[in-house]
Ligand SMILES: [Fe+2]
């Protein structure tokens, strides 16, 4: 098993399903056992092998209840129209720890830009001080772009370093994830729900909406060479956000905290050429503020840690709640800081830290 899989599985949460995703080194078939059920990576009945990443969707409630899953792989020696040759099945069991409701710890990594060592070291420092995370938020720009296989591998190396396949991952796409020859297949390696990179999810009593602003400049920017249509993408996403607001799945007795997860802190104005979609982002901010009324918005993108209160200097489009930019990276000085979030009954504690120290802490009272 170890030589077939590149890393431990990523257990992405999207909607009501965990999407157990595993990059592999060689051609193989994959399925996952949860309790007495078997879930396959298949294309309408055909077990997939023409891929270097496998993804199996399992119902969230079932895996939460089971507390473990078994990853099963069968090598494919030669796939043929008749009498395909395959090898022996190997299995590996992974424990799975769903979050408990009284205290839930999340750790956010964003803007790693292909960096692994100092990024994981920041998480390990946090873990030493506050304990293990119950879930990881991977909030965009994890690769610097998507151009070769190793760019996407970074996603899985970070997930392995934090989760070891045993806690959920909330994944939001960043603007650098959309660039390069493999950007169009990045979604094979990362979660989507109904084919989209924006969706809702719930961990313990925390309800989340995960949003995707796409690129940070106009589609017509020459950097993109006519290869994007994010204006149309955002229009569809606006419809999705309107539907989320109308359906109010967050107005539920088992929801205690509400969070917006988005790489780009879209409530801030940007200087040219990044000053795009201001009407759209003002409308998104209004929808969020008047309907969802979240407790926290968790972002990255700016490469500079910040904790911004509604009405503060960075509140340009009407924040509903504190907006956190929870990552800082300085390539020249080999510096990275990430952020932890401890959700308790009376407050959310926000912790900024690097590999050596706690940089700052804040409290959001319930
Ligand atoms: Fe970014």
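Laboratory data are not the source of any read-out in this text; all were calculated from the coordinates shown. A quick note: this is a predicted structure, and the numbers were derived from the prediction, not measured. Cβ coordinates were reconstructed from backbone atoms using ideal geometry, including for glycine residues, and neighbour counts include every protein chain displayed.
Quick notes on this structure:
- Relative contact order computed over the chain (Cα-Cα under 8 Å; 6+ residues apart), in percent: 15
- Under the simplified labelling scheme, the residue 236-residue 118 pair shows an inter-label distance of 3.8 nm, with each label point 7 Å from Cα along Cα→Cβ.
- Segment residue 293-residue 46, length gained on full extension (0.36 nm per residue, minus Cα span): 84.5 nm
- Average Cα contact separation per residue, segment 250-318, under 8 Å, 6 or more apart, as relative contact order %: 47
- For the chain, share of DSSP beta bridges that run antiparallel, in % to the nearest 5: 75
- Across 76, 325, 350, mean-square fluctuation computed from a Gaussian network of the chain (C-alpha pairs under 10 Å connected) peaks at 76.
- Fluctuation leader among 199, 186, 126 - the chain, Gaussian network, Cα springs under 10 angstrom: 186
- Three-way shape label, segment 270-366, alpha-carbon gyration tensor, a/c 1.5: oblate
- Relative contact order of segment 1-97: 26 percent, from C-alpha pairs under 8 Å at least 6 residues apart in sequence.
- Only helices enter the 222 nm calculation for the chain: every DSSP H run of n ≥ 4 contributes -39,500 (n - 2.57), and dividing by all residues gives -5500 deg cm²/dmol, rounded to 500.
- Residue 61-residue 36 pseudo-label distance in nm [points 7 Å out on the Cα-to-Cβ vector]: 1.7
- With Cα atoms, 0 to 90° folded angle of helix 230-247 axis to the chain main axis: 80
- Label-point separation, residue 68 to residue 218 (7 Å along Cα→Cβ), nm: 5.8
- Among 63, 211, 138: highest mean-square fluctuation, GNM of the chain, C-alpha pairs under 10 Å: 63
- Between the C-alpha center of segment 246-265 and that of segment 127-142 there is a gap of 20 Å.
- Of 90, 8, 178, the sequence from fewest to most neighbouring Cβ atoms within 10 angstrom is 90, 8, 178.
- Segment 160-242 shape via C-alpha gyration tensor axes, a/c threshold 1.5: oblate
- Put the Cα centre of segment 58-108 next to the Cα centre of segment 196-221 and the gap is 25 Å.
- Prolate/oblate/rounded label for segment 103-365 (Cα gyration tensor, a/c 1.5): rounded
- Span from the segment 309-356 Cα centroid across to the segment 21-42 one, whole angstrom: 36
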